[in-house]
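The next block holds one structure in the form of structure tokens; read it before the comments.
Nothing in this text is a laboratory measurement; each read-out follows from the coordinates by a stated rule. None of the values given here were measured: they were computed from a predicted structure. Heads up, the Cβs are rebuilt from the backbone with ideal geometry, glycines too, and the neighbour counts pull from every protein chain shown.
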Amino acid sequence: MLESLFQTYDSVIVLDTETTGVNCKSDEIIELGFLRLDRAGERTEEDYLIRLSPGRRLPPVITQLTGIREDELFQNGVEKDVAAEAFVRSLAGEKPLVCAYNAQFDLCFLFYFLHRLGCDGVLQKAQFLDIMAIYKDRRDYPHKLCNAVESYGVDGVNSHRAVDDVNAALEVLLAMERERGDIERYINLFGYNPKYGPPKPQIGSVRYEPQPYQRQKLLYE
């Protein structure tokens, strides 16, 4: 499982976030789910509902999308520092690889989440893999996680709940590894729709290349 990645990395962390909106600087993470795989084959999985900041309300559209309710966050959510500390622990080791489906979105939210708590520096030792960028090189549009799950016929439910999406993304990554042995060539390489230009903000260690909906060449070529 992910042998090519474990030749270089101590651990592989797959994460997903559910948020109050799409602005990583002003919106908040309301659910953080991640699983960690290491070279020894050990797998750990964690999922946290996170309480809203005082005065913040959960938009109804987010409840419709995710099923997460504002009262659920209040009753069952943890404080932000609890979830942050758990994620920081998952990065133990010298060379962690952090993966996500549409990683630009999740990683930007993760950075500002950790930054507000003064622990964003932990990300400096990590490298990053966008599972969606690989999928875009394998299949034509559309490129949602549910499309990838269906295309590869893997187990997984794209439910817009973090822990489900994490497991679905991992199954897609494993299927793509079996299909073609070039996963490592996408590390720190993200694609973007040339119609809209490079994303903002950008991740300093990541190289961004145009990646149109219709495949023309592999992203790393």
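When Rg and the Kirkwood Rh are both derived from Cα coordinates, the Rg/Rh ratio for segment 62-115 amounts to 1.03.
Computed over neighbours whose Cβ is under 9 Å from that of GLU94, the net charge equals +1, Lys and Arg +1, Asp and Glu -1.
When only Cα pairs below 8 angstrom with a gap of at least 6 residues are kept, segment 3-210 shows a relative contact order of 21 percent.
Give me the net charge for the shell around ASP165: Cβ to Cβ below 9 angstrom, other residues only, Lys and Arg +1, Asp and Glu -1.
-2
Rounded to the nearest 20 debye, the dipole size of the chain about its Cα centre is 780 debye, using +1 on the Cβ of Lys and Arg and -1 on the Cβ of Asp and Glu. Taking the Kirkwood radius as Rh and the Cα radius of gyration as Rg, segment 7-48 has a ratio of Rg/Rh equal to 1.14. Considering helices alone, the calculated mean residue ellipticity of the chain at 222 nm is -10000 deg cm²/dmol, with DSSP H runs of length four and up weighted by -39500 (n - 2.57) and normalised per residue. Over 5 Å intervals from 0, what percent of Cα-Cα pairs in segment 1-105 sits in each interval? Spelled out bin by bin, segment 1-105 gives 2, 11, 21, 21, 17, 11, 8, 6, 2, 0 percent.
When both segment 100-156 and segment 170-205 are represented by their alpha-carbon centers, they are found 8 Å apart. For the chain, the longest principal axis of the C-alpha atoms and the axis of helix 103-116 are separated by about 40°.
Cα axis of helix 80-90 to longest principal axis of the chain: angle in degrees, 0 to 90, nearest 10? Once rounded, one gets 30 degrees. Its residues counted as N, the chain yields a C-alpha radius of gyration over 2.2 N^0.38 Å of 0.98. Annotation for segment 1-82: GluC sites (Glu not before Pro) lying in DSSP loop with at most 12 further Cβ atoms inside 10 Å of their Cβ are GLU42, GLU79. By the Cβ distance rule (another cysteine Cβ under 4.7 Å), the unpaired cysteines of the chain are CYS99, CYS119, CYS146. Taken about its Cα centre, segment 48-130 carries a charge dipole of about 100 debye when Lys and Arg each add +1 at the Cβ and Asp and Glu each add -1 at the Cβ. In degrees, nearest 10, range 0 to 90: what is the angle between the Cα axis of helix 162-179 and the longest Cα principal axis of the chain? With both axes taken from Cα atoms, the answer is about 10 degrees.
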